[in-house]
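The values are calculated or read from the model by the stated rules, or taken from the named source; none is laboratory data. Just so it is clear, the model here is predicted, and its values are computed rather than measured. Positions of Cβ are backbone-derived with ideal geometry, glycine not excepted, and every protein chain shown enters the neighbour counts.
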Amino acid sequence: MNTIILTRRALVLGGVSAATAALAGCTTTSVEPETTAVAPAFDNSIFATMYAAVPDEQFPLPAIPYKRINRRFYRQMVANPTGERPGTIVVDTANFFLYLTYENGQAMRYGVGLGRQGFEWSGRGVIQYKRAWPRWTPPDEMVARQPELEPYSIANGGMDPGLNNPLGARALYIFQNGEDTIYRIHGSPEWWTMGKAVSSGCVRMLNQDIIDLYNRVPPKAPLVVTSLPRPVDV
């Protein structure tokens, strides 16, 4: 496997640097879309179970209104389009999918949200470690731009885990050549951002989906961030 330096299309930085840290903070400016309240009908589908409330978590998770999300972003087993060996995570930035590859040409596919235009990146790395209900510590450069984040700075120990923490219920930490890239694959309560470019560089997933991925992926799992052709099923 050849190592490719993680890059941004808009700003070619040639590896991990202070500028990278300044851009990667896993935050968002997205606002939940307004909707008209409708009495919920009974739903016994597999997706209702998949995206149901999770009351036994450290911080109980509410159900996801999955019917308001495009079906192509639901968690599902599909034919593996990546060409990568089993056990590899592949983030498809062109189509807002994350794949976990399996034997027999299969892959689990999840919908994701990605960084705004100018923050895209690509390359190979590894999931160095993973955390349940992680603390969030915005880089010092981000705190300098947004002084209101000072209480959550590295010096102050970051933000406590919880439903409002930008890293959500789980986080996978991406390293390359033994160095932290500052990028994360993490949970988010903002279900409406799946399939969109909204955050400052990280790969966000539905909290129920990041828990599922967390349980499937061991530390040191290989990672590829790339752009794939549009799948035939979407």
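Only residues that are in a helix (DSSP H, G or I) and touching a Phe, Trp or Tyr at 6+ places or on another chain (Cβ under 6 Å) were counted in segment 65-101, giving 1. Taking segment 58-68 as the range and being over 20 Å from Gly195 (Cβ atoms) and out of contact with any strand residue (DSSP E or B) (no Cβ under 9 Å at 6 or more places or on another chain) as the test, only Phe59 passes. Checking segment 151-159 against the condition returns no match, with no residue being in contact (Cβ under 8 Å) with a residue 40 or more places away in the chain and surrounded by fewer than 20 Cβ atoms within 10 Å (Cβ to Cβ).
Going through (1) over 14 Å from Pro222 (Cβ atoms); (2) surrounded by fewer than 16 Cβ atoms within 10 Å (Cβ to Cβ); (3) out of contact with any strand residue (DSSP E or B) (no Cβ under 7 Å at 6 or more places or on another chain) one by one, Asn177 falls short only on (1).
For every residue, the table says whether it meets (1) touching a strand residue (DSSP E or B) at 6+ places or on another chain (Cβ under 7 Å); (2) over 13 Å from Val224 (Cα atoms).
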position	(1), (2)
Gln76	yes, yes
Thr88	yes, no
Ala107	yes, yes
Tyr110	yes, yes
Arg116	yes, yes
Trp133	no, yes
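Within segment 94-106, restricting attention to residues that are hydroxyl-bearing (Ser, Thr, Tyr) and over 19 Å from Gly187 (Cβ atoms), which residue is surrounded by the most Cβ atoms within 10 Å (Cβ to Cβ)? The residue in question is Thr101. Looking at Asn104, is it outside any strand (DSSP E or B) and closer than 21 Å to Tyr74 by Cα? The answer is no for Asn104.
Of the residues making up segment 180-234, those that are within 13 Å of the chain's Cα centre (by Cα) and part of a loop (DSSP other than H, G, I, E, B) are Pro189, Glu190, Met194, Gly195, Lys196, Ser200, Gly201, Cys202. Taking segment 57-81 as the range and being surrounded by fewer than 18 Cβ atoms within 10 Å (Cβ to Cβ) and either β-branched (Val, Ile, Thr) or closer than 28 Å to Glu103 by Cβ (or both) as the test, the residues that pass are Arg71, Arg72, Gln76, Met77, Val78, Ala79. If the condition is being at pLDDT 95 or above and of a type in the set (Gly, Ala, Ser), then segment 114-142 contributes Gly125, Ala132. Being assigned to a loop (DSSP other than H, G, I, E, B) and farther than 30 Å from Ala53 by Cα is true of Asn156. Pairs linking a residue in segment 64-89 that is within 12 Å of Phe47 (Cα to Cα) to a residue that is of a type in the set (S, T, N, Q) and not in a loop (DSSP other than H, G, I, E, B), with Cβ atoms under 7 Å and 6 or more positions apart or on different chains, are Ile64/Gln208. For segment 200-234, the candidate set comprises residues that are surrounded by fewer than 22 Cβ atoms within 10 Å (Cβ to Cβ) and basic (Lys, Arg); within that set, the residue that is modelled with the lowest pLDDT is Arg230.
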